[in-house]
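Input: a single structure, listed below in structure tokens.
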Amino acid sequence: MDQVESQQSVKRSGGCLLGPISFDCLPNWHNDDHVAAHSAFCRSAESMLKTPYNSPSNLVDQGKLIECARRGMSLNSPSRQQAKRFFEDNFQPHAFGAFEQMDGFVTGYFEPELPAALEQSEEFCVPLYGRPHDLIDIDDQNRPQQLDVSFQYGRRRNGLVEEYFDRGEIQNGALDGQGLELVWLNDKTDAYFVHVQGSARLALTDGTAVRIGFAAKSGHAYTSLGKVLCRQTGIPAEEMTADHLAKWMRTNPGVLNKFMAKNRSYIFFKIIKEGTIAGDGPIGAAQVPLTPGRSLAVDHAFHSYGIPVWVAAAEDLLDEGKEFARLMVAQDTGSVIVGAQRGDVFTGSGSVAGFCAGKIRSPASFALLVPSPRRGSKIPKIR
């Protein structure tokens, strides 16, 4: 598609207009660390050159994205100017709606680092489970009419497909005796937040370390316990942080199981062999190690993995002394990340990253960098 045709076209995604804009419209574009963005992009590029990602929509031409991936991989140790030029020569920003109005929303997530054991003990008595043997994937081919279309997992019983056990049933022993326990933690609240984050790096009692990641889920819709607590206590939503929720959970052990059961969604895990070296993040849904501050979890119903996304917020999300505005790469997803203008910033591993992630709740603007690997006249600057 040539430049004139691109200017005249407007793509529609989930009710959000997606139109081409100039790189000059992206706040802080010229000052961003494009080398860091290029490095994160190349992690996805290497993966997609081996196995191309499935595109969920018509917003991205997968052939052009793969062509961009090849070009990105061929650029070895680029300077900041070379990395910046790579993105400008191979992509065209497209904004959702009125870009300057910040109609989107961004949050943060991290990878917990926790003590754990491979064997149950008096101290380590909270299990994280592997995928159950009777859990099945559900799609349009085997989903019964009475089961909501949101269910991607379930179980087959007496020849019929039905909902799987929810959090409350599992807490009450529905999976006992099946040998599904991968590891044991020493704190129910920590275990719950591992479910929310979807991964963790664990320091085992034998002195070794292991990383766990998402394997499957029960299939039930996710319910935010932070929102539940706001309704119960009257705490304003803007004051509800992850730290506030965790503190309440630890100081109310008598009602904790009943409280957690309000979120019926339950996560199952697997041991991750890759990405356990120091400095590497957990493996995201795009099957690459996540990069702190550059990996973005998106709604995969709208966005292809591996696509660069410009995210801008009016707040200092990463405690860097400046408003957040940078190029990120869609490398993960999450059940609470819903909509074309919704993102989750990966902040890193450990307690410091967790503190940072827990504070991120901000309106934001999103611009999709659509693959356009050709040179041509620049689109006029839009104000």
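Descriptive notes on the structure:
- Relative contact order (percent, whole number), the range 153-238, Cα cutoff 8 Å, 6+ residue spacing: 26 percent
- 3J(HN,Hα) from dihedral phi, the range 230-241, Karplus parametrisation 6.51/-1.76/1.60, rounded to Hz, x for glycine, proline: 4, 5, 6, 10, x, 5, x, 4, 5, 9, 8, 10
- In order through the range 195-211: 3J(HN,Hα) via Karplus (6.51 cos²θ - 1.76 cosθ + 1.60), integer Hz, x for Gly, Pro: 4, 5, 6, x, 6, 6, 10, 10, 8, 7, 5, 8, x, 9, 10, 9, 10
- Across the range 311-325, coupling constants 3J(HN,Hα) worked out from phi with the 6.51/-1.76/1.60 Karplus curve, θ = phi - 60°, read 10, 10, 9, 7, 10, 8, 6, 10, 6, 9, x, 7, 4, 6, 7 Hz, and Gly and Pro carry x.
- Sites excluded, GluC sites (Glu not before Pro) in DSSP loops with at most 15 other C-beta within 10 Å, longest stretch of the chain: 124-273
- Distances between placed amide hydrogens fall under 5 Å for residue 109 paired with 345, 346, 347, all partners being 5 or more residues away or on another chain.
- Computed extension length for residue 136-residue 74: 18.2 nm, one decimal, from 0.36 nm per residue of separation with the Cα-Cα distance subtracted.
- Relative contact order (percent, whole number), the range 113-272, Cα cutoff 8 Å, 6+ residue spacing: 33 percent
- Neighbour counts of C-beta atoms inside 10 Å place 244, 195, 34 in the sequence 244, 195, 34, starting with the fewest.
- Close amide H partners of residue 300, meaning residues 5 or more places away or on another chain with modelled amide H under 5 Å apart, are 334.
- Between 0 and 90°, nearest 10: helix 62-74 axis offset from the chain longest Cα axis: 80 degrees
- Over 20 Å (Cα to Cα) - which of 217/359; 247/322; 50/217; 227/247; 227/270; 188/359 fall in this group: 217/359; 247/322; 50/217; 227/270; 188/359
- Legend: ranking of residues 22, 150 from fewest to most surrounding C-beta atoms inside 10 Å; resulting order 150, 22.
- Comparing 306, 284, 179 in a Gaussian network model of the chain, where Cα atoms under 10 Å apart are tied by springs, the biggest mean-square fluctuation is seen for 179.
- Amide H to amide H, with H built 1.01 Å from N, residue 92 comes under 5 Å of 370, 372, counting only residues 5 or more places away or on other chains.
- Exposure proxy order (Cβ contacts within 10 Å, fewest to most) of 136, 283: 136, 283
Read the figures in this text as sums done on the coordinates, not as results from a lab. Predicted model, so just to flag it, every value in this text is computed and none were measured. Cβ atoms come from the backbone with ideal geometry, glycine included; neighbour counts cover every protein chain shown.
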